[in-house]
Amino acid sequence: MFDFRYHALSLVAVFLALAIGILLGATIGNSLVSDADKGIRSSLHQDVINARNSASQAQGQLSQRDKIISSSLPMLVQGELSGQRIAIVATGSLPSSIESEVRQTVETAGGAVDSVSTFDVPSQLDSIEQAAGVRGRNPEAIQGFAKRVVRSVVNGAGVSVRMHRALPDTMRGDYHGAGSVIFYRSQPPDQETDQDKALREAFENGLSDGLKAQGVQVVGVEEQSTDPSQVGWYKDQGMSSVDSVDLPGGQLALVFALGGQKGSYGVKSGATPLPKLPIGSG
């Protein structure tokens, strides 16, 4: 009997010790987790504060840079595009702000906008083909047609002149020819049929191929707020680009990119802020 009670007490002591251990462990564990959680939260909070401060500082520096460039832009670009004629070519729709910004920049640098051609394919394809006097709905034919049209825009003769007369809202300007081209690509529709996509891409590729064949400098443009950015597409087509033509720095970059400097300029990821200014500029 004594042995049984002894063993029973021993077992109770063991279970009691285990219970106390579990209780203490849970209490200490919760305390450690709570402390760790507080530490992580505090660290993340500080990281957010630091990131906001860095972003605010960077934005302040960009704003200050653009104020300086804006005040000196006419002097910096004076005569850089003197006597040059520039064509604006767009796919989809061309925002009025983009046209206004690039036109003013070109004129400030002494150049002139020869023409503005906007191609919304495939929705306008029938009217475009009718104006040009051609027909064809397969991608290969559409690509060849676009190549022919943009060659005419650059050379200032042929099909672009006929299209300008028939579609004055789509193709505006003199069409006397251009030595370089500003290209704007609208974001493709989120939903489009496979056929529409094939026709649109064929027309875009035809424009790009035609410009390459002409050997002119082509600069793809967008505004700082453009999302998603089209810079990747411009780069794939071998075009230089400016991702912020609404900012003074982007306008300065546009002038020298049109003048022959190649690269991706602007304020977005992977862009070079500004091209190298020629010695003695201004």
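Equivalent-ellipsoid semi-axes for the stretch 151-282 (Cα gyration tensor, √(5λ), whole Å, largest first): 26, 21, 13. One decimal place: the segment Ala166-Glu107 gains 18.5 nm when fully extended, by the rule 0.36 nm per residue minus the C-alpha distance. Extension gain, Lys235-Glu140: 0.36 nm per intervening residue step, less the Cα-Cα distance, totals 31.9 nm.
When the expected Rg is taken as 2.2 N^0.38 Å, what fraction or multiple of it is the alpha-carbon Rg of the stretch 197-243?
1.19
Percentage of Cα-Cα pair distances in the stretch 112-190 greater than 19 Å, rounded to whole percent? Percentage above 19 Å: 33.
In the stretch 61-101, the C-alpha radius of gyration followed by the widest Cα-Cα span (Dmax) gives 14.1, 35 angstrom.
Here the 3J(HN,Hα) profile of the stretch 261-274, calculated from phi with Karplus coefficients 6.51, -1.76 and 1.60 at θ = phi - 60°, is 6, 9, x, 10, 10, x, 10, 8, 4, x, 8, 7, x, 8 Hz, Gly and Pro shown as x. The gain in end-to-end length when the Lys197 to Ser100 segment is fully stretched comes to 32.0 nm, 0.36 nm per residue minus the alpha carbon separation.
Throughout, read-outs are computed from the coordinates displayed, never taken from laboratory work. Because the structure is predicted, anything quoted here is derived from the model rather than measured.
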